[in-house]
Amino acid sequence: MTEFVINCCTITPVREKPAEGSEQLTQLLFGEVCEVLDRLPRWTKIRSTVDGQEGWVDFKMMKSVEITEKEELSSYVVAVPTAIATDQEKYEEYILTMGTRLSKYANGFFEVAGVRYRISPDKVNRVLFSNPLLSPCMQKLPPLEELPSDVKSQLVRMAAVSLLNTPYLWGGKSALGMDCSGFTQVVYSLLGVNLLRNAREQITQGTLVASLADVQSGDLAFFDHVDRDPKATNISHVGLLLDNKKIIHCSGCVHVDDIDEMGIHSPDGELTHHLVQIRRYV
């Protein structure tokens, strides 16, 4: 029988090997459900049910859950960079970051692994909700096909811009620190679009956009290194296009740069990332 666990911390690192000093591959957000693949006395190898990423986590950060709880995960999602939830048993506070999914949500409360939590509206500068463009309250996201294309683009753009100046963190995918593909994954989670974890995987999803002249706000652009081997393409970076001249991406921190058919240019005009392909997801 397949065993599942759920992350009960704000953020839990997922490591390549079962050791504290091992490379962080990604992170689990609060309430993220994973399949158990292997166990050691302290460490558990998991596979995320969100993006399929595998790695090792410290088991004390996790709790075992029944398969029914995994199935009951709702489409409610944190749509602001950070919010606060309070444990209704111990009254401990937890930071919830953008993209965190809330199970069994109703009237300001949600439940994880049998524990009830309350969203603290007095500690959130914007209301926590599924779709900030459609309603200033918690509501389920409508099916993606029911959203007008301009609303989809506006939602993605607003989420991306709200993360400006978030610091870069290898393997990060939260408003406390993220890498380039963690940034795009979190932004698209607000539409219920499950992007894979890294840029090399995300480029295999969506549909091809022929050129910058054809882009819509929210399309993703993929890049390789400027000093690349011209005979090989190694996707190493991804960013979100605001239009056909501006891109928001996480490199050093989340910021906006100029882009043209060659790629991304720094403020002094230097080509920093070579454009390979553009893809659309909504």
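Subtracting the Cα-Cα distance of Asn165 and Lys104 from their residue separation scaled by 0.36 nm leaves 18.7 nm. Across the chain, the mean sequence separation of Cα contacts (distance under 8 Å, 6 or more residues apart), normalised by length, yields a relative contact order of 13 percent. Placing unit charges on each Cβ (+1 for Lys and Arg, -1 for Asp and Glu) gives the chain a dipole about its Cα centre, and among Cys253, Met1, Thr12 the Cα reaching farthest toward its positive end belongs to Met1. Over the range 4-71, Cα pairs under 8 Å with separation of 6+ residues give a relative contact order of 37 percent. So what's the angle, to the nearest 10 degrees on a 0 to 90 scale, between helix 149-162 and the longest Cα principal axis of the chain? Compared with the principal axis, the helix lies near 80 degrees. With neighbours defined as other Cβ atoms within 10 Å of a residue's Cβ, the residues Val193, Val33 order from fewest to most as Val193, Val33.
Helix 180-189 and the long axis of the chain differ in direction by around 60°, with both axes built from C-alpha atoms.
Work from the charge dipole of the range 145-280 (Cβ charges, +1 for Lys and Arg, -1 for Asp and Glu, about the Cα centre) and give the residue of Ala160, His274, Ile264 farthest towards its positive end. The residue sitting farthest along the positive end of the dipole is Ala160. Extending 7 Å from the Cα toward the beta-carbon at both Glu261 and Lys60 defines two label points whose distance is 5.8 nm.
For the pairs Lys45/Lys90; Lys17/Lys104; Lys60/Lys173; Lys104/Lys152; Lys17/Lys63, note any where the Cα-Cα span goes beyond 23 Å. Beyond 23 Å between Cα atoms: Lys45/Lys90; Lys17/Lys104; Lys104/Lys152. In a simple Cβ point-charge model (Lys, Arg +1; Asp, Glu -1; nothing else charged), the chain has a dipole of about 540 debye relative to its Cα centre. Here's how it looks for Gln53: its modeled amide H is under 5 Å from those of Ser48, which are all 5 or more places away or on a different chain.
Remark: the Arg42-Leu208 segment gains 55.4 nm on full extension, using 0.36 nm per residue and subtracting the alpha carbon distance.
No value in this document is a laboratory result; all are computed from the given coordinates. Note that the coordinates shown come from a computational prediction; the quantities given were computed from them, not determined experimentally. Methodologically, a virtual Cβ is constructed for each residue, glycine included, from the backbone with ideal geometry; neighbour enumeration extends over all protein chains shown.
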